[in-house]
Amino acid sequence: MKKRLCTVLANLAAWMASLIVLVPMLVVLVNSFKSQKESMVMTLTLPEKFMFENYTTVIERGKLLSSFFNSALYATFSVLLILAVVSAASYVLSRNRSRLHRVIYYLIVLGIAMPVNNVALMKIMKATALINTRYGLIFLYVAMNIPLALFLMFGFVETLPREIDEAAVIDGAGPMRLFSSVIFPLMKPTIVTVGILNFMAIWNDFSMPLYFMNNSGKWPMTLAVYNFFGQFEQSWNLVSADITLTALPVLIIFVFGQKYIVGGVSAGAVKG
């Protein structure tokens, strides 16, 4: 009886916590279909008439197509570079147990806790002519997200038995083939996890484009929403539609990728 009561209370607490997150999202979604007058109240009541044209107005006047392209470009290329660099680095650092390699690993992982100095970073971006460029922002995202990605991948590669390496070497595999044909496929759970987490983080980032991207034609969707709100701050129906369209890609990726996130984070053993 006591165990069942604890289960009920735990489920109730989970539902309450879920409502804290879901209710604001539902309010935004419902108000995106309302008229301007109805949306001023910002409640969960359904609109008298569903205004689907709100989304058409947002796409046309909010420059969402170009900003969607920019966000997809930044997130996709940043994630690909992060995965390419970190997957190889995690394998090399985990298989070499020398003091130098451990120092390098801890120095990189230290970046997780280190705050970003935007003043110094601005000077570096200007000196290297990376400011206000798409590839500059991509390199910045890669550098900022490598520490956590390396931490996650390193922990997974450490669990892979070294006997796998030895068996591949005996079969005649060189270092590159060993990594690409044997180790890399085994890293799929953590690669997918790191890829999804970084994609969502980069897609939702607001501060870096705000500081280092002055050209509105290169703005991602987060800055497009900010700019749109400044122009239509009285039209909460259009602002809600803009927010919904911006959050939709990330929600889709999270829904379809959540099982990989849980599996990748909890993966700790290799069988077979």
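Pairing residues of the range 97-122 that are open to solvent by 80 Å² or more (accessible area, probe 1.4 Å) with residues that are not acidic (Asp, Glu), at Cβ distances under 9 Å and at least 6 apart in sequence or on separate chains, gives Leu110/Pro147; Ile112/Pro147; Ile112/Leu148; Ile112/Phe151; Ala113/Pro147; Met114/Pro147.
Of the residues making up the range 241-255, those that are farther than 16 Å from Phe33 by Cα and open to solvent by 70 Å² or more (accessible area, probe 1.4 Å) are Leu251, Ile252, Phe254, Val255. Inspect all residues belonging to the range 18-26 and state whether any of them is under 21 Å from the mean Cα position of the chain (by Cα), modelled with pLDDT under 85 and of a type in the set (S, T, N, Q). Within the range 18-26 (the criterion being under 21 Å from the mean Cα position of the chain (by Cα), modelled with pLDDT under 85 and of a type in the set (S, T, N, Q)), the answer is yes, since at least one residue qualifies.
Residues in the range 186-240 that are in a loop (DSSP other than H, G, I, E, B), polar (S, T, N, Q) and surrounded by fewer than 19 Cβ atoms within 10 Å (Cβ to Cβ): Asn214, Asn215, Gln234. Inspection of the range 29-36 identifies no residue that is part of a helix (DSSP H, G or I), touching a helix residue (DSSP H, G or I) at 6+ places or on another chain (Cβ under 8 Å), hydroxyl-bearing (Ser, Thr, Tyr) and surrounded by 14 or more Cβ atoms within 10 Å (Cβ to Cβ).
Scanning the range 142-179 for residues that are touching a Leu at 6+ places or on another chain (Cβ under 8 Å) and over 22 Å from Val194 (Cα atoms) turns up Ile164, Asp165, Ala168, Val169.
Residues in the range 46-85 that are part of a loop (DSSP other than H, G, I, E, B), free of Cβ contacts under 8 Å to residues at least 60 places away in the same chain and surrounded by 12 or more Cβ atoms within 10 Å (Cβ to Cβ): Pro47, Phe50.
Could you tell me whether the range 125-142 includes any residue that is assigned to a helix (DSSP H, G or I), more than 26 Å from Met221 (Cα to Cα) and free of Cβ contacts under 8 Å to residues at least 12 places away in the same chain? Checking the range 125-142: at least one residue is assigned to a helix (DSSP H, G or I), more than 26 Å from Met221 (Cα to Cα) and free of Cβ contacts under 8 Å to residues at least 12 places away in the same chain.
The values are calculated or read from the model by the stated rules, or taken from the named source; none is laboratory data. These numbers come from a predicted model, not from an experiment. Here the Cβ is made from the backbone with ideal geometry for all residues, glycine too, and neighbour counts use every protein chain on show. The area values use the complete protein model at the heavy-atom level, side chains included, leaving out ligands, DNA and RNA. Shrake-Rupley method; radii C 1.70, N 1.55, O 1.52, S 1.80 Å.
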